[in-house]
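**Student:** The structure follows.
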Amino acid sequence: MVWPIRSRISSLLCSKAPLVGSYIYDSCGCLRFSAPTSSSITRHWPKIMDWVQMDRCRAAASLPSIKEKQPEGHSNRVRLGQEIKGLDEGNMAEIDSYQNLFGLMKQGFLSFKSQKYIKELEHFEALAEAQFPKFMVIACADSRVCPSNILGFQPGEVFMIRNIANLVPVMKNGPSECNAALQFAVTTLQVENILVIGHSSCAGIEALMNMQEDAESRNFIHKWVANGKLAKQRTKAATAHLSFDQQCKFCEKESINQSLLNLLSYPWIQDRVRKELLSLHGGYYNFSNCSFEKWTLDFKQCNVEEGSSYVVKEQEFWC
C-alpha cells in the first residue's frame, strides 16, 4: 500500500513541475526564483538547506542591519541618560531646598534653646507647669503679620488665635474655633486684655468688600468674612466718594471695631468688661511703613444693645 501512494504523489509532483521555476544563487548567496522556460525539461527541486538559506535572506532583507540600528540605540541611550540625569538633578534640587528649609528651622530652634531657653531656664520650667497670660490676641493669619515678633510678646505672655481678617463672629452665629478660644482665655485663663489686630493690604477685607450683598456662596472664605458685613455697610456709607482701595483701608480699621463690639455679645466677656476685669483693645499694623496704631474700646460710651455704635479712647500711634 505504501508504494502505490508514493508513486501517485510522485506523479502529481511531476504534473505540477512546469509551474515551478528554478532557483539560482546570486552574488549575495541568496536564492532567486527563475521562471520556467519552454526548454526546461528537467526540474530541480531545491534542497531543504536551500529553503533555509532563502528564508534567512528574506529575514535579513526585511530587517535593518546592525550598523543601521546602532545609531538609534546609541541616541536612545544618550537621551535616556540625559533624562535620568535631569530627574536626578531635579530631585537633588528639591532635596537641597527641603534640607535648607528645615536646616534654617533647626538653626532657629537651636538658637532659641541656647540663647533663650537655657538662659531663662527657671521661667520656662514654670511655664511647663502652667500658663498665666495677661493678653488674648486675635490677629490675621497673614504671614506678614506676626504679633509676637512685631510687639515683642514672650512665651507665656499671650494666648493667641489667628484667622482670616482677624474677625470675631457674634455669639448667635454659633460655635467656632474663635469663640472656643475666647471662652477658654476669658473663663479659664482669665486674661485681662483682648487685643484685636488688623493690618494693611488685608486680602480678607478685600474679599469682604468685593462680595455681592445677598449672594449665596459655598466659598469658605466668603462665608467667614461675612462676619464683617456690618463693618462693610458702615464703610460703604461713610466712603462712597472714595476709591475702592481707600474703602478697603477704611474697612480694615472699621472691622476691628466691629469685632470689639461683637466680643460684647458673649455674656461672660461683657460681664468681666462691666466689672472692669477685662479691657478690649484694637490695633492696626501698617507693614508698608512699619507703624502701629493702638486704641481701647470705651465700654461706658458704647451702645451695647444695638451693637452698632462705639467710642474709642487712649489712642496711640507708634512709628
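The values are calculated or read from the model by the stated rules, or taken from the named source; none is laboratory data. These figures come from a predicted structure and were not determined experimentally. Note that each Cβ is placed from the backbone with ideal geometry, even for glycine, and that neighbours are counted across all protein chains shown. With ligands, DNA and RNA removed, areas are computed over all heavy atoms of the protein, side chains included. Shrake-Rupley method; radii C 1.70, N 1.55, O 1.52, S 1.80 Å.
**Student:** So residue 109 ticks every box in (1) open to solvent by 90 Å² or more (accessible area, probe 1.4 Å); (2) in a loop (DSSP other than H, G, I, E, B); (3) among the hydrophobic types (A, V, I, L, M, F, W, C) but one. Which box is left unticked?
**Tutor:** (2)
**Student:** Within segment 177-215, track down each residue that is among the polar types (S, T, N, Q), part of a helix (DSSP H, G or I) and surrounded by 18 or more Cβ atoms within 10 Å (Cβ to Cβ).
**Tutor:** Taking segment 177-215 and keeping what is among the polar types (S, T, N, Q), we get 179, 183, 187-188, 190, 193, 200-201, 210, 212.
Those left that are additionally part of a helix (DSSP H, G or I): 179, 183, 187-188, 210.
The answer is 179, and nothing else.
Listed here are the residues, each with its yes/no results for (1) closer than 20 Å to residue 173 by Cβ; (2) without any contact (Cβ under 8 Å) to a residue 12 or more places away in the chain.
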{"site": "199", "(1), (2)": "no, no"}
{"site": "202", "(1), (2)": "no, no"}
{"site": "206", "(1), (2)": "no, no"}
{"site": "213", "(1), (2)": "yes, yes"}
{"site": "222", "(1), (2)": "yes, no"}
{"site": "228", "(1), (2)": "yes, no"}
{"site": "231", "(1), (2)": "yes, no"}
{"site": "235", "(1), (2)": "no, no"}
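**Student:** Related question: Any chance you could count how many residues in segment 244-263 are free of Cβ contacts under 8 Å to residues at least 60 places away in the same chain, crowded, with 24+ Cβ neighbours inside 10 Å and either in contact with a strand residue (DSSP E or B) (Cβ under 9 Å, 6 or more places away or on another chain) or farther than 16 Å from residue 225 by Cβ (or both)?
**Tutor:** Residues flagged as free of Cβ contacts under 8 Å to residues at least 60 places away in the same chain, crowded, with 24+ Cβ neighbours inside 10 Å and either in contact with a strand residue (DSSP E or B) (Cβ under 9 Å, 6 or more places away or on another chain) or farther than 16 Å from residue 225 by Cβ (or both) within segment 244-263 amount to 1.
**Student:** What's the number of the only condition in (1) under 17 Å from residue 205 (Cβ atoms); (2) of a type in the set (Gly, Ala, Ser); (3) assigned to a loop (DSSP other than H, G, I, E, B) that residue 237 fails to meet?
**Tutor:** Single failed check for residue 237: (3).
**Student:** In segment 119-176, how many residues are out of contact with any strand residue (DSSP E or B) (no Cβ under 8 Å at 6 or more places or on another chain), within 30 Å of residue 267 (Cβ to Cβ), open to solvent by 70 Å² or more (accessible area, probe 1.4 Å) and touching a residue at least 24 places away in the same chain (Cβ under 8 Å)?
**Tutor:** Adding up the residues that qualify gives 4.
**Student:** For segment 275-319, list the strands (runs of 3 or more DSSP E) that sit wholly inside it and hold at least 1 residues that are open to solvent by less than 30 Å² (accessible area, probe 1.4 Å) and within 17 Å of residue 255 (Cβ to Cβ); which are they? Can you show your working first?
**Tutor:** Numbers: elements: 279-286, 291-297, 312-318.
By residue number, 279-286, 291-297.
**Student:** Conditions first: (1) part of a helix (DSSP H, G or I); (2) at pLDDT below 95; (3) farther than 23 Å from residue 146 by Cβ. Residue 221 passes all but one, so which condition is the exception?
**Tutor:** In the conditions (1) part of a helix (DSSP H, G or I); (2) at pLDDT below 95; (3) farther than 23 Å from residue 146 by Cβ, residue 221 misses (3) alone.
**Student:** Right, next: Go through segment 216-226 and count every residue that is open to solvent by less than 80 Å² (accessible area, probe 1.4 Å) and more than 19 Å from residue 284 (Cα to Cα).
**Tutor:** The number of residues fulfilling the criteria is 5.
**Student:** Across segment 248-268, what is the number of residues that are over 22 Å from residue 315 (Cβ atoms) and either part of a helix (DSSP H, G or I) or within 31 Å of the chain's Cα centre (by Cα) (or both)?
**Tutor:** Our first condition is that a residue be over 22 Å from residue 315 (Cβ atoms); within segment 248-268, this holds for 265-268.
From the residues that got through so far, the ones that are either part of a helix (DSSP H, G or I) or within 31 Å of the chain's Cα centre (by Cα) (or both) too are 267-268.
Number of matching residues: 2.
**Student:** Within segment 115-168, how many residues are among the charged types (D, E, K, R), within 15 Å of residue 292 (Cβ to Cβ) and not in a loop (DSSP other than H, G, I, E, B)?
**Tutor:** 0
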